[in-house]
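Next up is a structure, given as C-alpha cells.
Every read-out reported here was derived from the displayed coordinates using simple, explicitly stated rules and does not represent laboratory data. This is a predicted model, so every value here is computed, not measured. Ideal geometry is used to build each Cβ from the backbone, glycine not excepted, and the neighbour counts take in all protein chains shown.
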Amino acid sequence: QVQLQESGPGLVEPSQTLSLTCTVSGGSISSDAYYWTWIRQHPGKGLEWIGYIYYSGTTYYNPSLKSRVTISVDTSKNHFSLKLSSVTAADTAVYYCARDPRGDNWFDPWGQGTLVTVSS
Amino acid sequence: DIQMTQSPSSLSASVGDRVSITCRASQSITSYLNWYQQRPGKAPQLLIYSASSLQSGVPSRFSGSGSGTDFTLTISGLQPEDFATYYCQQGYSTPHTFGQGSKLEIK
C-alpha cells in the first residue's frame, strides 16, 4: 500500500527557509486521482492544513501562510516538497505529508511526521 | 474560513463504555466531514470519511453521523487502544480546517 515519508532538517534558524520532502512509495505521485498535502501540528496543539499540490503542479495554499509557502512536485523522484520562508519560533511544529483523494478532501495515509524546531 | 468546534475537549470513560464526540461547523458543510484518531507521538489516522463512511480496516465499533453543521462520532464498546485524541476535519472548502481535538482518557 502507499506509504509517505517526510525528510529534512530538524532545526532551522529564525528568518531562514524550512525545506522538507515527502517521498511516496507503493504508488505513483503522477496519479490524477490525488492531491498531495502538507499539514502541521504545533506542539501539544491542533492540526493546520498548509496546502496541496496536484501532479501537474497546480497548488493551493492556506491563505494564512500563502505569502511564505511553496509546494513543488518532482514526478521523476516520486516526491513532493515544502518550503516555508522567513520562519519564526511560531513555525516550530511537527510537519506531516498526506494524500488527499481529489474531490473528497480527506487525508489518508499520512507520513509519520517530522519535528522542525526554529531556533538559533 | 470554516470554524470547527468539538465538544467535549476532554472526556473520561471506562473500557466497554459507549461515548460520543460532537463537531459543529460554522456553516453548512453538507457531508464533507471526516474524523481522525491520533495516539501520542503518532500521526493521525482516518476513521470516518464523508460523515458516516467507515475507512477500510477501522473497527465497526466506530460510527459517524450528521450532516449540515452538526456531526457525531460514536465509539461503542471502548477498547484500551481507543484512548486517544480525536479530530474532526471539514473538506467542504479550502482551507480545510480541523476541530481543536477531543482527548479521550481512561476513567
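Could you please let me know if B:Pro59 is within 14 Å of another protein chain (Cβ to nearest Cβ) and in a loop (DSSP other than H, G, I, E, B)?
Numbers: within 14 Å of another protein chain (Cβ to nearest Cβ): no; in a loop (DSSP other than H, G, I, E, B): yes.
When the stated conditions are applied, B:Pro59 does not pass them.
When the residues of region B:1-25 are narrowed to those that are among the β-branched types (Val, Ile, Thr) and either touching a Phe, Trp or Tyr at 6+ places or on another chain (Cβ under 9 Å) or surrounded by fewer than 17 Cβ atoms within 10 Å (Cβ to Cβ) (or both), which ends up nearest to B:Leu78 (Cα to Cα)?
First pass over region B:1-25, keeping only residues among the β-branched types (Val, Ile, Thr): B:2, B:5, B:15, B:19, B:21-22.
Now drop any that are not either touching a Phe, Trp or Tyr at 6+ places or on another chain (Cβ under 9 Å) or surrounded by fewer than 17 Cβ atoms within 10 Å (Cβ to Cβ) (or both), which leaves B:2, B:5, B:15, B:21-22.
Values: B:Ile2: 31, B:Thr5: 23, B:Val15: 5, B:Ile21: 13, B:Thr22: 17 Å.
Ranking the qualifying residues of region B:1-25, first place goes to B:Val15.
Can you name every residue in region A:72-120 that is out of contact with any Gly (no Cβ under 7 Å at 6 or more places or on another chain), within 14 Å of chain B (Cβ to nearest Cβ) and farther than 24 Å from B:Tyr92 by Cα?
Correct list: A:Ala93, A:Gln112, A:Gly113.
Taking the residues in region A:1-18 that are out of contact with any Ser or Thr (no Cβ under 6 Å at 6 or more places or on another chain) and buried (at least 16 other Cβ atoms within 10 Å of the Cβ) as candidates, determine which candidate is nearest to B:Gln90 (Cα to Cα).
A:Leu4
If B:Thr5 passes every condition in (1) over 22 Å from A:Ala98 (Cα atoms); (2) part of a loop (DSSP other than H, G, I, E, B); (3) hydroxyl-bearing (Ser, Thr, Tyr) but one, which one does it miss?
(2)
Also, quick follow-up: Looking at region A:62-71, is at least one residue hydroxyl-bearing (Ser, Thr, Tyr), in a loop (DSSP other than H, G, I, E, B) and over 22 Å from B:Gly91 (Cβ atoms)? Before the answer, list the steps.
Pass one, region A:62-71, residues hydroxyl-bearing (Ser, Thr, Tyr): A:64, A:67, A:70.
Now restrict to residues that are in a loop (DSSP other than H, G, I, E, B): A:64, A:67.
The next check asks that each one be over 22 Å from B:Gly91 (Cβ atoms); those that pass are A:67.
Yes, region A:62-71 contains at least one residue that is hydroxyl-bearing (Ser, Thr, Tyr), in a loop (DSSP other than H, G, I, E, B) and over 22 Å from B:Gly91 (Cβ atoms).
How many of the residues making up region A:34-66 are away from chain B (no Cβ under 14 Å) and exposed (fewer than 13 other Cβ atoms within 10 Å of the Cβ)?
2
For region A:81-116, name all the residues that are over 25 Å from B:Tyr36 (Cα atoms) and either touching a helix residue (DSSP H, G or I) at 6+ places or on another chain (Cβ under 7 Å) or in a strand (DSSP E or B) (or both). Give the steps one after another, and end with the answer.
Kept after step one, since they are over 25 Å from B:Tyr36 (Cα atoms), are these residues of region A:81-116: A:83-89.
A:Lys83, A:Leu84 - these are the residues of region A:81-116 that are over 25 Å from B:Tyr36 (Cα atoms) and either touching a helix residue (DSSP H, G or I) at 6+ places or on another chain (Cβ under 7 Å) or in a strand (DSSP E or B) (or both).
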